[in-house]
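Notes for the one structure printed next.
The values are calculated or read from the model by the stated rules, or taken from the named source; none is laboratory data. In this text, all values refer to a predicted model and were calculated from it rather than measured experimentally. Backbone-built Cβ (ideal geometry, glycine too); neighbour counts: all protein chains shown.
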Amino acid sequence: MAGTLNKVMLIGHLGDDVKMHYFEGGGCVGRFPLATNETYMSKQTNERVTNTEWHNIVVRNKGAEICEKYLSKGDKIYVEGRLKTRKWQDESGQERYATEIQCTDFTFLTTKKESLANAQHSSQEAKPTETKPITNQNSPSADDDLPF
């Protein structure tokens, strides 16, 4: 392969509301932390273990404004973008680094309220319902030979 690829796809929950920064030229940047979870069973203790990884998401201009308007802490979102590492010096002269996801595309999945409602609904005992098969009056009968 001659080229390279820098692509990140994440589905997670917002760890905080979107923080906006506006610039003189009219542009803006929105930043928010995104949590992704990995769950597995520990072989040593037979307990369920959940590890949370935090990602710094950066959205620019119109996308940032949309995220600020519609997203809040706890909402679930799909984020697509690329990794970018920034370098700067802090007040004491130390070099600092931050790795961020520069968001190029996103899709809102569920709000925190919807997630809580779905969790409560699925935890309740489901009552079996009687279903009737759907029949189409114009469909061929089961005795017909189908060519496929």
_Need pairs with beta-carbon distance below 8 Å; first residue farther than 21 Å from Cys67 by Cβ and within region 24-48, second assigned to a loop (DSSP other than H, G, I, E, B); sequence gap 6+ or separate chains._
Met41/Glu47; Arg48/Ser42
*Scanning region 89-104 for residues that are surrounded by 11 or more Cβ atoms within 10 Å (Cβ to Cβ) and not aliphatic (A, V, I, L, M), which turns out farthest from Ala64 (Cα to Cα)?*
Glu100
*Specify the residue that is surrounded by the most Cβ atoms within 10 Å (Cβ to Cβ); the eligible residues are those in region 1-23 that are free of Cβ contacts under 8 Å to residues at least 40 places away in the same chain and of a type in the set (A, V, I, L, M, F, W, C).*
Phe23
*Which one of Glu91, Glu125, Glu80, Glu130 is at negative phi and modelled with pLDDT of 95 or more?*
Glu80
*asked:* Regarding region 105-116, can at least one residue be identified that is loosely packed, with under 13 Cβ neighbours inside 10 Å, in a strand (DSSP E or B) and in contact with a strand residue (DSSP E or B) (Cβ under 8 Å, 6 or more places away or on another chain)?
replied: yes
_Number of the condition not met by Ser72 [criteria: (1) under 18 Å from Arg31 (Cα atoms); (2) polar (S, T, N, Q); (3) part of a strand (DSSP E or B)]_ = (3)
*Would it be correct to say that Asn56 is at positive phi and either at pLDDT 95 or above or not in a strand (DSSP E or B) (or both)?*
no
